[in-house]
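J.: Let me begin by handing over the structure; questions about it come next.
The values are calculated or read from the model by the stated rules, or taken from the named source; none is laboratory data. Every value quoted in this text rests on a predicted model; they were computed, and no experiment measured them. Every residue, glycine among them, receives a Cβ derived from its backbone with ideal geometry; neighbour counts consider all protein chains shown. These accessible areas exclude ligands, DNA and RNA; they are computed on the full protein's heavy atoms, side chains included. Shrake-Rupley method; radii C 1.70, N 1.55, O 1.52, S 1.80 Å.
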Amino acid sequence: MHDDTLSIGIIGAGIMGERLLSAILDQSPPLVKVSGVWDPAPSAMERMATTFPQVPRLTDAAAIIAASDCVYIASPPASHLDHARATIAAGKSVFCEKPLAVDVDEARAFVESAAGRGAVNFPFASSLAVATLMDWIAQGAVGKTSRVTIEVAFATWPRSWQADAAAWLDGGQQGGFTREVVSHFLYLSRRLLGPLHGLSARAAFPETGTSERAIEARLMAGDIPVDLTGSVGTTAKDDHNIWMLEGDRGAVRLCDWSVAERRRPDGTWERAADALSQVEARPIALRRQIEGVVRLTRGQPHHLATLDEALNVQEIVEAILAGGATTAG
């Protein structure tokens, strides 16, 4: 590293790149500094110049890698693997958006070669609401775990705030809500319960040339069954999601990304006293993700989603979209 403050470069100036960039600039005290940002789209670079004039705008991905201790890859999925390979080859660490690649076999090969020098941005790794669920589980609120239920629904896909990226977010190669949203809840299941495996699934693609509009799946997380449903056009909400863990003593759930709740004996749900909206919770999780990136880059133990965890999630996601069975895990 160049000095005591880790240097992070950002490839991709879309929504996710801007979010992490804003979080880095808002740090107090600073843990990392921005070495630069690059996006192949001139319009994106012009927006960076206007919104973040203090941040260096570099000429290409190679310049970002050369200037950085860690590279955050926030470009569309089809470009992830080339940037990640180049970063690892340069001896730098990688913090990548999911998925690692659009091809599962290529993702497997990368994970084998990366030797743990990367992590993937699954924010549930740093979520205060998830930490609350884990505390409740440890205190016996669930008891002997019996099943997980995951439910996601959207008014439209892509969501209203993603319209600028609709070209790839609604495409068959990189897009769809299973890759973009369901993957987070599969990651959560894996992190808390164990490797994902034993999948049976089906996916509906009623519109030619677009991503899925409904999925149903059954799989295992460790030795716990997971039931999953997802659909578009079945709710008025931009984004509805529930992840619920049940057992012989009760249940806990995560609602709309950031609200932890536990079921009372009478069947009603009690919200965590410190529950935050997603807008309030996001900057806290981003700060904790940055802390994890520092530890990753320094070769220290970290809490971020590992490459192995991300690969397992990707294997399951792609098998769901293929509508078949898998032995991934």
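J.: Among what's in segment 83-105 and is within 19 Å of the chain's Cα centre (by Cα) and among the acidic types (Asp, Glu), pick the residue that is least open to solvent (accessible area, probe 1.4 Å).
T.: So the residue we want is Glu97.
J.: Here is a list: Ser35, Ser43. Which entry is surrounded by 17 or more Cβ atoms within 10 Å (Cβ to Cβ), of a type in the set (S, T, N, Q) and without any contact (Cβ under 8 Å) to a residue 60 or more places away in the chain?
T.: Of the residues listed, the single one that is surrounded by 17 or more Cβ atoms within 10 Å (Cβ to Cβ), of a type in the set (S, T, N, Q) and without any contact (Cβ under 8 Å) to a residue 60 or more places away in the chain is Ser35.
J.: Turning to a different aspect of this structure: Scan Ala310, Ala260 and give me the residue that is in a helix (DSSP H, G or I) and crowded, with 19+ Cβ neighbours inside 10 Å.
T.: Only one candidate passes the filter, namely Ala310.
J.: Tell me the residue from Glu246, Glu212 that is under 20 Å from Asp103 (Cα atoms), surrounded by 18 or more Cβ atoms within 10 Å (Cβ to Cβ) and modelled with pLDDT of 95 or more, please.
T.: Residue meeting the stated conditions: Glu212.
J.: A follow-up question, please. Looking only at segment 106-115, how many residues end up being open to solvent by less than 30 Å² (accessible area, probe 1.4 Å) and either touching a Gly at 6+ places or on another chain (Cβ under 6 Å) or not hydrophobic (A, V, I, L, M, F, W, C) (or both)?
T.: Total satisfying the criteria: 0.
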